[in-house]
Amino acid sequence: MKLSLRKKEGQGDALLRPLLPGTWRLFLIWGSIGLQSFGGGASTLLLIRQAFIEKHAWVQEEEFVRFWSLCLMTPGINLVGLTILIGRKLGGVRGIVASLTGLLLPSAVITCLLTAGFTAVEHQPVIQAMLKGVIPATAGIMLLVGWNFARPLLQQGWNEGKLKLIFSLLFITATVVAVIIFKITVVLVLLGAALVGASIFSVRPVPEVTPNQEHEHKREEERL
């Protein structure tokens with residue numbers, strides 16, 4: 001992977017960061033995702049994560065979660081919103097156009113062709129048997145996508161303290177219960193989670209005093 005040297009403002013040391021893609025390369029990557037995105041939004045989301053986080057490291061894990069959370073809180077097609085946010089980050093307006101065209105054009109053509117052909121063979125026993133295998137596979141992909149989103153949040157909660165980890169687990173559990181059991185709309189669940197999260201996670205934790213710091217503090221008091 002090619003790397004470029006960039007400096008953060010206020011820092012003298014140069015940091016290595018991945019070289020951002022050009023418009024044409026961005027189009028090809030999104031086109032590849034569009035051609036492989038069988039199985040619905042879960043598989044597409046997994047492919048996006050693999051391409052931009054794991055393979056090229058153009059998007060950070062936490063940033064990807066923020067992008068997706070923002071898409072969930074806004075109306076419209078979530079994957080289109082995510083494509084726009086990533087395209088804008090990597091290429092500005094041209095990146096948005098290249099990303100949307102690459103994702104939608106190949107998949108739209110394939111969908112039209114498959115739909116036209118599927119109507120002629122949808123009642124065949126072989127096709128029905130294939131669908132019975134695809135459906136559980138799609139469910140497995142959705143579970144994998146959910147774990148990929150939950151893992152960095154749980155890791156962050158663990159690093160920030162067990163209390164934050166407990167709150168994160170409670171948020172996940174409460175969301176599942178609210179949507180599945182109480183049938184609360186997703187919009188209300190997300191708004192409620194945002195308000196509760198703002199009141200809980202915005203509180204700055206009290207810094208822990210290490211034994212060395214405590215010893216130094218006692219020595220300072222003895223000198224005085």
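Quick look at the numbers
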{"item": "Cβ-Cβ under 6 Å pairs, at least 6 apart or on other chains, the stretch 56-77 side within 22 Å of residue 26 (Cα to Cα), far side of a type in the set (S, T, N, Q) and part of a helix (DSSP H, G or I)", "result": "71/78"}
{"item": "Checking residue 52 against (1) touching a strand residue (DSSP E or B) at 6+ places or on another chain (Cβ under 6 Å); (2) assigned to a helix (DSSP H, G or I), the condition it does not meet", "result": "(1)"}
{"item": "Sole residue being modelled with pLDDT of 80 or more, in a helix (DSSP H, G or I) and surrounded by 14 or more Cβ atoms within 10 Å (Cβ to Cβ), chosen from 113, 103, 70", "result": "103"}
{"item": "Matching residues in the stretch 152-167 - criterion: being in a helix (DSSP H, G or I) and more than 10 Å from residue 65 (Cβ to Cβ)", "result": "154, 155, 157, 158, 159, 160, 162, 163, 164, 165, 166, 167"}
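The values are calculated or read from the model by the stated rules, or taken from the named source; none is laboratory data. These numbers were taken from a predicted model, which means no experiment stands behind them. Here Cβ is always computed from backbone atoms with ideal geometry, including for glycine, and neighbour counts include all displayed protein chains.
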